[in-house]
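Beneath this line is the structure, given in structure tokens, with notes to follow.
The values are calculated or read from the model by the stated rules, or taken from the named source; none is laboratory data. Just so it is clear, the model here is predicted, and its values are computed rather than measured. Quick reminder, even Gly has a Cβ in these numbers, built from the backbone with ideal geometry, and neighbours come from all protein chains shown.
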Amino acid sequence: MDGLNYDIDTSFEDRSSSRSSSRAKAGLGVIASGIARQHTLKTAISCTGVGVHRGREATLTLRPAPVDTGIVFNRTDILDDNAAIRVSAQAVIDGRLCTTIANEAGATVSTVEHLMAAFAAQGIDNVIVDVNGPEVPIMDGSAAPFVFLIDCAGVVDQALPRKAIRVRKAVTVVEGPVLASLMPAERGLSVDFEIDFAARAIGRQGCHVDLTPDLFRAHIARARTFGLRSDVDMMRAAGLGLGGSLENAVVVDDDLILNDEGLRYEEEFVRHKALDAIGDLYMAGAPIIGRYHGVRSSHAHNNKLVRALLADPANYSLETVDETDLAAPGQGRFDGWRDTDRIAATA
Ligand SMILES: [Zn+2]
């Protein structure tokens, strides 16, 4: 959480309120009660931190944006007209280690996924993300610092309804032992994830979460990215992971967790995979109403899934939704499990 500062910019707020009053006069601001509205931040806010792969310090500034802007990353170190990269499933060019997005001119931003998960969970539709380099700071390896930034900035309703992508037909990506699928659901987004690692500190674990701001904050947001010690050595040799450390990742060596402080949650590893999936799905450009199931799925598989969903108009509908369509069934739930029997048997 180093380098958080409060770069309060109220200029947008003034413009926003004058915009909404002119909409109200034009009759465009009248939205039936219960219809979900678009959201942006109340003020701008910044943080600084290192990028995990190149190890360079970067400053991130989240700024309010008008309705229908979407989520737009803006490389402030690129001084020509090619600095803006609008989030979409098609903008994702690399999902091997992290999610990298690019625009047509080739400008890129990497490691967007934890920030995207925070936007998804807090219902942010419109925001400009200024970053003065090619990587979003990794912070502590989780989404919690970004949720904190959004909380500090505040969230405001905007003058137009939200749209959501409702899954109409099941879509599945299967590659060897990997599965990623989206099924129709009456309301909300639920995420089920399972992983199975030979490293005994991880083993087999799974979780279910209904995506609500509170459940995400309580059970998912603080789960950190993780790696095996052997992978860390390989990445370093390839010139990657230079900013990675025990400050921003859980590192595992078979049955050992190398971080002195241990884990933040019992099933922190699979909770982080659920966090990644929530960010990856939000690359669709709108909240998804459906049931996601991932088994060993990576960013690349999740992106394939989103592209497959959007590739056929029969698979989904883009619709104006009520708040209840986006809410979890009932109060929503989180469940996590670890297959300790299996871990004991292989010990
Ligand atoms: Zn991650």
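Remarks
- Verdict on residue 241 being out of contact with any Pro (no Cβ under 6 Å at 6 or more places or on another chain), within 25 Å of residue 335 (Cα to Cα) and touching a residue at least 24 places away in the same chain (Cβ under 8 Å): no
- When 260, 339, 335 are checked against the criterion of being touching a residue at least 12 places away in the same chain (Cβ under 8 Å), away from the ligand (no atom under 16 Å from the Cβ), of a type in the set (Asp, Glu) and farther than 16 Å from residue 194 by Cβ, 260 stands alone in meeting it.
- Residue 285, sole failed condition from (1) part of a strand (DSSP E or B); (2) under 15 Å from the mean Cα position of the chain (by Cα); (3) away from the ligand (no atom under 16 Å from the Cβ): (1)
- Hey, residue 199 away from the ligand (no atom under 14 Å from the Cβ), assigned to a loop (DSSP other than H, G, I, E, B) and over 30 Å from residue 125 (Cβ atoms) or not: yes
- Output for region 79-94, where each listed residue is surrounded by fewer than 16 Cβ atoms within 10 Å (Cβ to Cβ) and either charged (D, E, K, R) or over 26 Å from residue 301 (Cα atoms) (or both): 79, 80, 81, 82, 86, 94
- The lone exception for residue 230 - which of (1) in the same structural domain as residue 67 (by TED's automatic domain parsing); (2) among the small types (Gly, Ala, Ser); (3) within 22 Å of residue 99 (Cα to Cα) it fails: (1)
- Subset of region 117-137 [closer than 17 Å to residue 58 by Cα and in contact with a helix residue (DSSP H, G or I) (Cβ under 8 Å, 6 or more places away or on another chain)]: 129, 136
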